[in-house]
Amino acid sequence: MDRPILRIQARTRCGYGRVSVRTSAVQRVIVIGGGLAGSEASLLLAGAGVRVVLVEQKPVRRSPAHKSDGFAELVCSNSLRSDNPENAIGLLHEELRRLGSPVLEEADRARVPAGDALAVDRVAFSEALTRRIAEHPDIEVRKEEATALPEETCIVATGPLTGEGLARSLADAAGDSALAFYDAIAPIVAGDSVDQSVAFRQSRYGKGGGDDYLNLPLSREEYERFVEELLAGQKVEPHAFEEPRYFEGCLPIEVMAARGRDVLAFGPMKPVGLVDPRTGRRPHAVVQLRREDRAGTAWNLVGFQTRLTWPEQKRIFSGCIPGLKAAEWIRLGQVHRNTFLDAPRALAPDGSLRARPHVFCAGQITGVEGYVESAASGHIAARRVLARLRGEGFAPPPGTTALGALLRHVTGEAHPPGYDYQPTNVVFALFPPLEERHRKHERKARLLARARRHLAEWGRAQGIPLAPEPPPRPVHPPPREAPR
């Protein structure tokens, strides 16, 4: 039975990203999907005093990629990527923190050492957000599969593994805008099964704690043998009726290797900024392991997403990568089919479906790629819904901010005519170019300064208080490159 209409009598606050709901009749909002976008949207809405029904299909039904029953489960990697605001993703971290994002708040609490990156203990991270959602008095959790679009205000944040029934309902509403591509997941190895006589602890150029990663060095001969086995290994083949379309930012390693034998050595296996203490030299290639938890009991193979069959993964990774001969595999890689909307065609400027204005969409199903990008999409969707509920317009963050640049991608504003819409991470290429003349090495700092200035102006105009800007980061010049 539907909940009664609620009347909010006071302004409510949600951290630094305070959300005001003026006195008005407010109905409940349904949020479908308990991933990062859905968790962010639910907590933001509930923090503003809006009643939320969060519909999550786990544990009734799980996608092939999900293993736990918690909200905000990280299925591919435990890294939220660079935390440096002179990178576009680091700037997005900063903007969400300043807006009071629950996802970034819990990510910071669950942080594990990872050099310049924000990596988390994925279990602690998910448990914290699950607990916040379960304990919130204005969030009702329904553990069931949504098979059709609701007839009341809702946010669809089901991610790239949307169930068949709901995907069909979306396709009916959006026409032929539903597309698909393939994504892959990297394997995880038990820390105590890695040969410590081979591995060495070091971050590239000494970033972070200086020794946040485990590195497994390969000589040229070892690397070439690994590539040969990778190319010859048996892969999981798609169904005959499916056409694989991989996201360029998360290619399986065997797909990269097929593009050229040195591609991996200049990609996820690049050895730059690393020195093997046994030789005092830079190795030809390296496999980096990033910790999954603070204790270092589990480590994932950075950039090693793959569609190799599980027996082949064990054979090739354990047999060809030094230090993994006795590896105990906690999770092996896998490939899965992802679905997303052609957002510029399917979505209205306010993020709702053109054909169903009461349906808002958020997260990876809109064509944003990445954990933080999904949370950011959920954050903006919640603010748009709040504006709709109180009968006001909502001006999105300007395109010169990381949040606004991501919206430029979803609306198509950042792309030339005829662009074949594909999922993407937030990158500076989505930002409008700088107007003033500048030297190349000044570009990122100027983009950062402009984004901070324009976010502050937007916050004042929207009546959204922001947390203060973080202090300047220390500058550490990289050490001289070791000989190879």
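The values are calculated or read from the model by the stated rules, or taken from the named source; none is laboratory data. The shown structure was predicted, so the numbers you read here are calculated from the model rather than taken from an experiment. Positions of Cβ are backbone-derived with ideal geometry, glycine not excepted, and every protein chain shown enters the neighbour counts. Protein only, heavy atoms only, side chains kept; ligands, DNA and RNA dropped before computing areas. Shrake-Rupley method; radii C 1.70, N 1.55, O 1.52, S 1.80 Å.
What the table shows:
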item	result
Criterion: in a loop (DSSP other than H, G, I, E, B), at pLDDT 90 or above and either open to solvent by less than 20 Å² (accessible area, probe 1.4 Å) or touching a Leu at 6+ places or on another chain (Cβ under 7 Å) (or both) - qualifying residue of 198, 189	198
Any hit, segment 117-126, residues being surrounded by fewer than 16 Cβ atoms within 10 Å (Cβ to Cβ) and of a type in the set (D, E, K, R)	no
Candidates 60, 55, filtered to the one that is open to solvent by 10 Å² or more (accessible area, probe 1.4 Å), in contact with a Lys or Arg (Cβ under 7 Å, 6 or more places away or on another chain), within 20 Å of residue 75 (Cα to Cα) and at pLDDT 95 or above	55
Hits in segment 98-119 - residues which are acidic (Asp, Glu) and touching a residue at least 24 places away in the same chain (Cβ under 8 Å)	105, 106, 116
Single condition residue 141 does not satisfy, out of (1) among the hydrophobic types (A, V, I, L, M, F, W, C); (2) within 21 Å of the chain's Cα centre (by Cα); (3) open to solvent by 40 Å² or more (accessible area, probe 1.4 Å); (4) modelled with pLDDT of 95 or more	(2)
Residue match in segment 100-109 (condition: part of a loop (DSSP other than H, G, I, E, B), at pLDDT 95 or above and crowded, with 24+ Cβ neighbours inside 10 Å)	yes
Residues satisfying the stated conditions in segment 375-404, i.e. open to solvent by 10 Å² or more (accessible area, probe 1.4 Å), at negative phi and not hydrophobic (A, V, I, L, M, F, W, C)	377, 383, 384, 388, 390, 392, 393, 396, 398, 399, 400
Residue in segment 56-67 that is assigned to a helix (DSSP H, G or I), of a type outside the set (Phe, Trp, Tyr) and touching a residue at least 12 places away in the same chain (Cβ under 8 Å) present	no
Flag if residue 296 is surrounded by 14 or more Cβ atoms within 10 Å (Cβ to Cβ), modelled with pLDDT under 95, assigned to a loop (DSSP other than H, G, I, E, B) and out of contact with any strand residue (DSSP E or B) (no Cβ under 9 Å at 6 or more places or on another chain)	no
Count of segment 355-401 residues which are touching a residue at least 12 places away in the same chain (Cβ under 8 Å), farther than 16 Å from residue 43 by Cα and assigned to a loop (DSSP other than H, G, I, E, B)	16
Any hit, segment 414-425, residues being of a type in the set (A, V, I, L, M) and either in a helix (DSSP H, G or I) or closer than 30 Å to residue 27 by Cβ (or both)	no
Residue within segment 162-182 that is in contact (Cβ under 8 Å) with a residue 24 or more places away in the chain and in contact with a Gly (Cβ under 7 Å, 6 or more places away or on another chain) present	no
